[in-house]
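First up is the structure itself, then whatever we jot down about it.
The values are calculated or read from the model by the stated rules, or taken from the named source; none is laboratory data. Here the structure is a predicted model, which means the values were calculated and not measured. All Cβ positions, even for glycine, are placed from backbone atoms using ideal geometry, and neighbour counts span all protein chains on display. The area values use the complete protein model at the heavy-atom level, side chains included, leaving out ligands, DNA and RNA. Shrake-Rupley method; radii C 1.70, N 1.55, O 1.52, S 1.80 Å.
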Amino acid sequence: MRAPKEIVARGFAHPDDLAVLEEVASRYAVAVTSDLAALIDGSDPDDPIARQFIPSAAELDGAPGERADPIGDDAHSPVPGIVHRYPDRVLFKLVHVCAVYCRFCFRREMVGPGKESALSEAAYAGALGYIRSHPEIWEVILTGGDPLMMSPRRLAEIMNDLACIDHVKIIRIHTRVPVAEPSRISDEMVAALKCQGATTWVALHANHARELTATARAACARLVDAGIPIVSQSVLLRGVNDDLATLEALMRAFVECRIKPYYLHHGDLAPGTAHLRTTLARGQELMRALRGRVSGLCQPEYVLDIPGGYGKSPVGPVYLTTQEESFSSEREPSQETRYRVADYCGEVHVYPPAP
């Protein structure tokens, strides 16, 4: 589905909302794959899959602090296609198209129809030149858009170009394709992602356990079985996964698929996304509760991408604080700081214990 008329015809929006949804679609890209559309419960006005992908009139309402480039990519883009925010790694933005367009996307002003679909040959060569000339770059993160929207042939060329750069040891691919369009994860695609000279990692974006269908799990298994490790990326979204049971089910589903939970992002200040953002306090509350409910394998890191291009910071609950007083240990004549540490139940303990 790419047009509000199709969305209304499928029963995912009311006919009276067609005009305003057309206005939303004129500003922000709309696309929902058949795999994801099949997961939507049209009888549920609060369906968590629909909230992620079906456009809403609320997207036309701006909120204070929202900005077109909420995480400051432009401030760290030395050449087209490259974002160099951290010393040892760069983002390589190859394409500006996706299989599905998330309603909360932090690059929603930059992707979709009407935008430049991919880097030009000259820009691609310039980006590779930049990577070659910066030996501190150990990891290249392919993003966009979604790099797995490219053909296996073209991806194989890109992977080889990067792997031939001696100091590039890790190539990470950020994608939604294994859940949005799992049929694209063919044997040919898997082969394209493997290369000599660098290690491939995949970061999979999913926000609800229902997205990890049998076909999505099979697509992920093809990657893992080929020796490509997968980590997860999720966004904490109001009405989608901002309750403990849903978040727990999602993280367990990842681990069942041999995907290590990696990042749980606080919602970025992208235009028209306030209705999907939670508070930081709610995110911290959920992370504290998750700590006591699921295995360490299931624990993502809750992070905030600081607006303006200052990078990600962990913003999960704090378990350790210092006490003002210190004490002198009989074993150690010097003063030793005492700490207060909270366990997963919220009880506070002193460390080291009093002598």
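Just a few scattered comments:
- 2 or more residues of a type in the set (A, V, I, L, M, F, W, C) and open to solvent by 30 Å² or more (accessible area, probe 1.4 Å): qualifying helices (runs of 4 or more DSSP H) within segment 17-102: 18-27
- Residue list for segment 204-226, restricted to those being within 18 Å of S34 (Cα to Cα) and small (G, A, S): A206, A209, A214, A216, A218, A219
- Of everything in segment 247-295 that is of a type in the set (S, T, N, Q) and free of Cβ contacts under 8 Å to residues at least 40 places away in the same chain, the residue that is surrounded by the most Cβ atoms within 10 Å (Cβ to Cβ) is Q284.
Every residue, every condition in (1) crowded, with 23+ Cβ neighbours inside 10 Å; (2) without any contact (Cβ under 8 Å) to a residue 24 or more places away in the chain; (3) among the charged types (D, E, K, R), yes or no:
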| position | (1), (2), (3) |
| --- | --- |
| V140 | yes, no, no |
| M149 | no, no, no |
| D161 | no, no, yes |
| P182 | no, no, no |
| S186 | no, no, no |
| V190 | no, no, no |
| A203 | no, no, no |
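- Within segment 44-65, the set of residues being within 18 Å of E181 (Cα to Cα) and without any contact (Cβ under 8 Å) to a residue 60 or more places away in the chain comprises A50, F53, I54.
- For P314: the one exception among (1) at positive phi; (2) at pLDDT 95 or above; (3) surrounded by fewer than 13 Cβ atoms within 10 Å (Cβ to Cβ): (1)
- Matching residues in segment 222-278 - criterion: being touching a Cys at 6+ places or on another chain (Cβ under 7 Å), of a type in the set (A, V, I, L, M, F, W, C) and part of a helix (DSSP H, G or I): M251, V255
- Failed criterion for D41 (all others in (1) touching a residue at least 24 places away in the same chain (Cβ under 8 Å); (2) under 30 Å from A209 (Cα atoms); (3) among the acidic types (D, E) hold): (1)
- One residue stands out in segment 205-221 among those that are of a type in the set (S, T, N, Q) and in a loop (DSSP other than H, G, I, E, B): the one that is most open to solvent (accessible area, probe 1.4 Å), namely T213.
- Every test in (1) more than 26 Å from I71 (Cβ to Cβ); (2) polar (S, T, N, Q); (3) at pLDDT 90 or above is passed by Q299 save one, and that test is (1).
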